[in-house]
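K.L.:
Before I ask anything, let me first share the structure, which is written out below as structure tokens.
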Amino acid sequence: MTLAVHEHRLAPGLKLNEDEVGEIFGVGRTIVRSALQMLAHDQLVTIEPNRGAFVAEPSIREAREVFEARALLEPRTARSAAERITAEGAARLRAHNRAEHAALDRGDYGTALRLSGEFHIEIARIADQSTIAEFITQLIARSSLVIALYWRRPEAMCETHAHEALLSALERGDGATAEEMMKGHLLDLLSSLDLREAPPPPQSLRDALRP
């Protein structure tokens, strides 16, 4: 289900019926409940008494807080990654970047968004900051929900090659440039959100998870 959230196959506000989830994944209700509790801990799901579980719907305030937190953590992490990157780490980022562009070329925005998030997480791992990497992983997951609700410019993903430029700075070991590029990249992401309009209604659970 986490993958479905990242790829926008599960829309914010969608009700997660335990029996239906169990049937789709071929598992019992005990496992489903445990999984939903874990997702609730990560703030990807909200569990309401007498109503059940729903994909979380971040408010406009929460959306801004998520990106403010990313803006505090990720630029400095990018600088640290530039100071520590290895040939192996650069190759992993290159592979992510190629896969992301391939998804964009075929119009698969959900997969491209997931890969984009993984690119940011990999930078934190290269920086060798495990605690911060955990925070960034959680923020990236919540960003997926924010983008699903408030993203109004799908073409924004194709407007720049932000990851390519950032990767070049990392490979050069240019920490200062990597830090500034990450700041600008996150600002561009925030500017692609429309934090004024009401979100669209959720689709059905079975349609969202249908292979």
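K.L.:
Given the criteria at pLDDT 90 or above and surrounded by fewer than 17 Cβ atoms within 10 Å (Cβ to Cβ), does Glu122 qualify? Give the steps one after another, and end with the answer.
P.N.:
On the way: at pLDDT 90 or above: yes; surrounded by fewer than 17 Cβ atoms within 10 Å (Cβ to Cβ): no.
No: the conditions fail for Glu122.
K.L.:
Can Ala81 be described as open to solvent by less than 10 Å² (accessible area, probe 1.4 Å), touching a residue at least 24 places away in the same chain (Cβ under 8 Å), not in a helix (DSSP H, G or I) and not aromatic (Phe, Trp, Tyr)?
P.N.:
No; evaluated as a whole, the condition is false for this residue.
K.L.:
Something else now. Which residue, of Ile136, Ile126, is in contact (Cβ under 8 Å) with a residue 24 or more places away in the chain, of a type in the set (A, V, I, L, M, F, W, C) and out of contact with any Gly (no Cβ under 9 Å at 6 or more places or on another chain)? First the steps, then the outcome.
P.N.:
Numbers: Ile126 fails: out of contact with any Gly (no Cβ under 9 Å at 6 or more places or on another chain).
Going through Ile136, Ile126 in turn, just one is in contact (Cβ under 8 Å) with a residue 24 or more places away in the chain, of a type in the set (A, V, I, L, M, F, W, C) and out of contact with any Gly (no Cβ under 9 Å at 6 or more places or on another chain): Ile136.
K.L.:
Quick one: how many residues across region 101-110 are in contact (Cβ under 8 Å) with a residue 60 or more places away in the chain and open to solvent by 20 Å² or more (accessible area, probe 1.4 Å)? Full working, then the answer.
P.N.:
Taking region 101-110 and keeping what is in contact (Cβ under 8 Å) with a residue 60 or more places away in the chain, we get 109-110.
Still in the running and open to solvent by 20 Å² or more (accessible area, probe 1.4 Å): 109.
So the count comes out to 1.
K.L.:
For Ala35, indicate whether it is of a type in the set (A, V, I, L, M) and more than 14 Å from Leu166 (Cα to Cα).
P.N.:
On the way: of a type in the set (A, V, I, L, M): yes; more than 14 Å from Leu166 (Cα to Cα): yes.
So Ala35 fits the description; yes.
K.L.:
In region 29-73, what residues are under 29 Å from His185 (Cβ atoms) and either of a type in the set (Phe, Trp, Tyr) or touching a Gly at 6+ places or on another chain (Cβ under 7 Å) (or both)? Show your work before the answer.
P.N.:
Filtering region 29-73 down to residues under 29 Å from His185 (Cβ atoms) leaves 39, 41-45, 55-73.
Once the filter is applied, which keeps residues that are under 29 Å from His185 (Cβ atoms) and either of a type in the set (Phe, Trp, Tyr) or touching a Gly at 6+ places or on another chain (Cβ under 7 Å) (or both), region 29-73 yields Val55, Glu57, Phe67.
K.L.:
Are any residues in region 61-78 surrounded by fewer than 18 Cβ atoms within 10 Å (Cβ to Cβ) and of a type in the set (Asp, Glu), and if so, which ones?
P.N.:
Glu62, Glu65, Glu68
K.L.:
Taking Ala63 as the residue in question, decide whether it is in a helix (DSSP H, G or I) and more than 15 Å from the chain's Cα centre (by Cα).
P.N.:
On the way: in a helix (DSSP H, G or I): yes; more than 15 Å from the chain's Cα centre (by Cα): no.
No.
K.L.:
Which condition from (1) among the β-branched types (Val, Ile, Thr); (2) in contact (Cβ under 8 Å) with a residue 40 or more places away in the chain; (3) farther than 25 Å from Ala165 by Cα is the one that Thr46 breaks?
P.N.:
The single condition Thr46 does not satisfy is (2).
K.L.:
Exactly one condition in (1) out of contact with any helix residue (DSSP H, G or I) (no Cβ under 6 Å at 6 or more places or on another chain); (2) outside any loop (DSSP other than H, G, I, E, B); (3) at pLDDT below 90 is not met by Gly107; state its number.
P.N.:
(2)
K.L.:
Does Ala127 fit the bill of being open to solvent by 30 Å² or more (accessible area, probe 1.4 Å), more than 21 Å from Leu10 (Cα to Cα) and of a type in the set (A, V, I, L, M, F, W, C)?
P.N.:
Considered against the rule, which asks whether it is open to solvent by 30 Å² or more (accessible area, probe 1.4 Å), more than 21 Å from Leu10 (Cα to Cα) and of a type in the set (A, V, I, L, M, F, W, C), Ala127 comes out as no.
The values are calculated or read from the model by the stated rules, or taken from the named source; none is laboratory data. Remember, predicted model here, so these are calculated numbers, not experimental data. Ideal geometry is used to build each Cβ from the backbone, glycine not excepted, and the neighbour counts take in all protein chains shown. Surface areas here come from the heavy atoms of the whole protein model, side chains and all, with no ligands, DNA or RNA. Shrake-Rupley method; radii C 1.70, N 1.55, O 1.52, S 1.80 Å.
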